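**Student:** Once you've had a glance at the structure underneath, I'll fire off some questions.
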Amino acid sequence: MTSLRKFLEAQGFERIPLQKLQTGHYQIRFSINGEKGTFILDSGASSSCVGFKDLFLFRLLSEETDIKAAGAGAINMETKMSKNNRLQIGGIVLKNVDFVLFDMTHVNEALQQAGEMPVHGILGADVLKKLRGVIDYGRNCVYFKN
C-alpha cells in the first residue's frame, strides 16, 4: 500500500512541515513579499490574514474596506485589505494573493497565555484551496501543489 506522502509527492505536491502548538493549532512558516513570518494554519478561516502591526514588515499596501471580521472570540473587528502580494511556501510561489488585515491582539494574547509565541497572521481556506492543500494531521504536515 502506498503512503499518503508517496502518493501526493508522485502527483507533484510539496510537503511542508507544521508545528503543533500547545493550543492545538498548527503553525506554518512562509514568506510574504520576501519577508518570513509565522502563521496559524486555519482551514476554518475563509480568508488569510495578517495583523495590522506587521503591515510594514511584509510591505503590504492597504486599502480601506467596509468588511468586518469575526472569529476566535471577537466580532465586528475593523479590517483593511492588501491585494496583489507574493506568497512563498517552501518552493511554491503564489502571486496576486490578497490578505485581510486586522488586529491580531486577541489571537496572540491567547497564544501567549498558553506559553506560545505570537504569530503574524493566519493562513486560511482561500490559500489552501488555491494550492490544493491536503493536511496530514497524523504526520503534522501539509501538502501543496501550485
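The values are calculated or read from the model by the stated rules, or taken from the named source; none is laboratory data. It should be emphasised that the depicted structure is a prediction, and the values quoted were computed from it without experimental measurement. Every residue, glycine as well, gets a Cβ built from its backbone with ideal geometry; the counts of neighbours run over all protein chains shown. Note: accessible area is taken over every heavy atom of the protein model, side chains too, but ligands, DNA and RNA are not part of it. Shrake-Rupley method; radii C 1.70, N 1.55, O 1.52, S 1.80 Å.
**Student:** Just to verify a number: what accessible area does Arg59 come out at with the full protein assembly present, 1.4 Å probe, Å² rounded to tens?
**Tutor:** 140 Å²
**Student:** Sticking with this structure for a sec: Can you give the charge dipole size of segment 91-135 about its Cα centre, rounded to the nearest 20 debye, using +1 on the beta carbon of Lys and Arg and -1 on the beta carbon of Asp and Glu? Could the numbers behind the result be given before it?
**Tutor:** Working: 4 positive and 5 negative charges, 81 e Å.
Dipole size: approximately 380 debye.
**Student:** Ranked by accessible surface with a 1.4 Å probe, highest first, in what order do Glu78, Glu35 come?
**Tutor:** If we order Glu78, Glu35 from most to least accessible, we get Glu78, Glu35.
**Student:** Hey, any idea what % of segment 24-146's accessible area is carbon plus sulfur with a 1.4 Å probe?
**Tutor:** 50 percent
**Student:** Okay, next question. From the alpha carbon gyration tensor of segment 19-146, can you work out the equivalent ellipsoid semi-axes (sqrt of 5 times each eigenvalue) and give them in Å, largest to smallest?
**Tutor:** Computed over segment 19-146, the values are 20, 19, 13 Å.
**Student:** Another question, then. Taking 31 Å as the cut-off for C-alpha to C-alpha distance, list the pairs among Lys6/Lys83; Lys20/Lys80; Lys6/Lys53 that go past it.
**Tutor:** Lys6/Lys83; Lys6/Lys53
**Student:** Which lysines, on any chain, are close to Lys129 with Cα under 17 Å apart, when same-chain ones fewer than 8 places away are left out?
**Tutor:** Partners within reach: Lys95, Lys145.
**Student:** Given the whole protein assembly as supplied and a 1.4 Å probe, what does the accessible area of His120 come to in Å², nearest 10?
**Tutor:** Only protein atoms counted, so the area is about 40 Å².
**Student:** For Arg15, Arg5, what's the largest-to-smallest order of accessible area, 1.4 Å probe?
**Tutor:** Sorted by accessible area, descending: Arg5, Arg15.
**Student:** What is the distance in Å between the Cα centres of segment 93-107 and segment 21-63?
**Tutor:** If we compute the Cα centre of each part, the gap is 5 Å.
**Student:** Assigning unit charges at the beta carbon (Lys, Arg +1; Asp, Glu -1) and nothing else, what dipole magnitude in debye, to the nearest 20, does the chain show about its Cα centre?
**Tutor:** Rounded to the nearest 20 debye, it is 720 debye.
**Student:** Whats the longest run of the chain with zero chymotrypsin sites (Phe, Trp or Tyr not before Pro) that are DSSP loop and have at most 12 other Cβ atoms within 10 Å?
**Tutor:** 57-136
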